[in-house]
Amino acid sequence: MAKTKPGKKDLDSYTIKGTNKVVRVGDTVLMRPSDSDKPPYVARIEKIEADHRNNVKVRVRWYYRPEESIGGRRQFHGAKELFLSDHYDVQSAHTIEGTCTVHTFKNYTKLENVGSDDYFCRFEYKAATGGFTPDRVAVYCKCEMPYNPDDLMVQCEECKDWFHPSCMNMTIDQAKKLDNFLCSDCSSENDPKRANSYHASPEPKVESKRRKR
């Protein structure tokens, strides 16, 4: 293995202490926070290194939760949403508690079952400035909010836009019982007695049809 500094060497992998789980460069891991009341930190391993005493360190790139960002958590942020930051750090490998999966936004919306270790990321985050990439995302509904995969939405059969039931003066239970759905704008242009229909929440492929924020 290539030596990086005198007395140090790069490792191909590391076995999480007290387990038989092996992590490698590029894996996403859960790391123990200093405050036991907080959820584990999430990071991507960039490098694994051991010194001459076999103390293993990992260079990581942190994921931030929305509430850890400068702007804080907003209505459209999903419960399992993370931001890939430009914040790098070196930590003891002993703080690694387990592994997790950070999906792309599109793949996350296609999961049939979301596990406790499933997350998604649609933004990169600049920790020093609070800036995001991309800085513009598709918006939906009358409220013009980006899509939150945790929220049910209904699709208008006429304009194909997606709407939150609450913005259409409906409860979630009412929305689920619909056979078809016309938004208020389209229903005023069509037969007002036409029934409404329930569809699954939007997939990202619809985004190109909406304005950008």
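The values are calculated or read from the model by the stated rules, or taken from the named source; none is laboratory data. Keep in mind it's a predicted model, so treat the numbers as computed, not measured. Cβ sites come from the backbone with ideal geometry, for glycine too, and all protein chains shown count toward neighbours. All accessible areas refer to the heavy atoms of the entire protein, side chains included, with ligands and DNA or RNA removed. Shrake-Rupley method; radii C 1.70, N 1.55, O 1.52, S 1.80 Å.
Tabulated data for the structure shown
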read-out	value
Tally, over the stretch 55-73, of residues that are in a strand (DSSP E or B) and more than 15 Å from Arg122 (Cβ to Cβ)	7
Hey, Thr4 assigned to a strand (DSSP E or B), open to solvent by less than 90 Å² (accessible area, probe 1.4 Å) and modelled with pLDDT under 95 or not	yes
Answer residue from the stretch 133-152, given it is under 15 Å from Gly78 (Cβ atoms) and in a loop (DSSP other than H, G, I, E, B) and is most open to solvent (accessible area, probe 1.4 Å) among those	Asp150
Options Cys100, Cys167; residue that is in contact with a Leu (Cβ under 6 Å, 6 or more places away or on another chain) and either without any contact (Cβ under 8 Å) to a residue 60 or more places away in the chain or closer than 30 Å to Ser85 by Cα (or both)	Cys100
Condition check for Phe76: assigned to a loop (DSSP other than H, G, I, E, B), within 28 Å of Phe132 (Cβ to Cβ) and either without any contact (Cβ under 8 Å) to a residue 12 or more places away in the chain or open to solvent by less than 30 Å² (accessible area, probe 1.4 Å) (or both)	yes
Condition check for Ala195: more than 28 Å from the chain's Cα centre (by Cα) and at pLDDT below 80	yes
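Quick grid of which residues meet (1) at pLDDT 95 or above; (2) open to solvent by 20 Å² or more (accessible area, probe 1.4 Å); (3) of a type in the set (Phe, Trp, Tyr); (4) closer than 23 Å to Asn20 by Cα:
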position: Pro39; (1), (2), (3), (4): no, yes, no, yes
position: Ile45; (1), (2), (3), (4): yes, no, no, yes
position: Arg53; (1), (2), (3), (4): no, yes, no, yes
position: Arg59; (1), (2), (3), (4): yes, yes, no, yes
position: Arg65; (1), (2), (3), (4): yes, yes, no, no
position: Lys80; (1), (2), (3), (4): yes, yes, no, no
position: Ser85; (1), (2), (3), (4): yes, no, no, no
position: Thr95; (1), (2), (3), (4): yes, yes, no, yes
